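Undergrad: Next up is a structure, given as structure tokens.
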Amino acid sequence: MIVIYSYGTIYKKDADTGVFQCPNCGHITPHGLYRRINRVSIFYIPVINIRGKSGETCEYCGFVRPLNISDYRKAKNCLLYTSPSPRDYAASR
């Protein structure tokens, strides 16, 4: 019997945090909240997701400012509840 398994890492973008100056490269660029997820799969079906590190990432240079889990959740909840929906934007035109 052959068992096909794999182990990999994926990066998921949860929200945009805004446009400001990166402390690493000095460019004024958009930043986003990212999290790293380590995944084990069997027969190409994800079985186990292991939460990795999370942080705020510069879109230009890729610099990651690490955030602990409580700061990450606060930032994500704040951004999700304060950002306007596309429907609100269309209604304002």
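The values are calculated or read from the model by the stated rules, or taken from the named source; none is laboratory data. Computed from a predicted model, the values in this text were never measured in an experiment. Here the Cβ is made from the backbone with ideal geometry for all residues, glycine too, and neighbour counts use every protein chain on show. Only protein heavy atoms, including side chains, enter the accessible area calculation; ligands, DNA and RNA are left aside. Shrake-Rupley method; radii C 1.70, N 1.55, O 1.52, S 1.80 Å.
Undergrad: Whether any residue in segment 66-76 is open to solvent by 60 Å² or more (accessible area, probe 1.4 Å), modelled with pLDDT under 90 and of a type in the set (A, V, I, L, M) is what I want to check.
TA: Yes, the conditions are met somewhere in segment 66-76.
Undergrad: Moving on to the next point. For segment 41-59, enumerate the residues that are over 15 Å from K76 (Cα atoms) and either open to solvent by less than 40 Å² (accessible area, probe 1.4 Å) or modelled with pLDDT of 90 or more (or both).
TA: Our first condition is that a residue be over 15 Å from K76 (Cα atoms); within segment 41-59, this holds for 41-52, 58-59.
Passing the criteria: S41, G52, C58.
Undergrad: Being exposed (fewer than 11 other Cβ atoms within 10 Å of the Cβ) and either touching a Ser or Thr at 6+ places or on another chain (Cβ under 6 Å) or hydrophobic (A, V, I, L, M, F, W, C) (or both), is that true of even one residue in segment 26-34?
TA: The answer is yes; a qualifying residue exists.
Undergrad: I'm checking my understanding of the structure. Among residues of segment 77-88 that are open to solvent by 70 Å² or more (accessible area, probe 1.4 Å) and part of a helix (DSSP H, G or I), which one is modelled with the highest pLDDT?
TA: Per the criteria, the residue is N77.
Undergrad: Could you name every one of the strands (runs of 3 or more DSSP E) located completely within segment 1-67 that has at least 3 residues being acidic (D, E)?
TA: none
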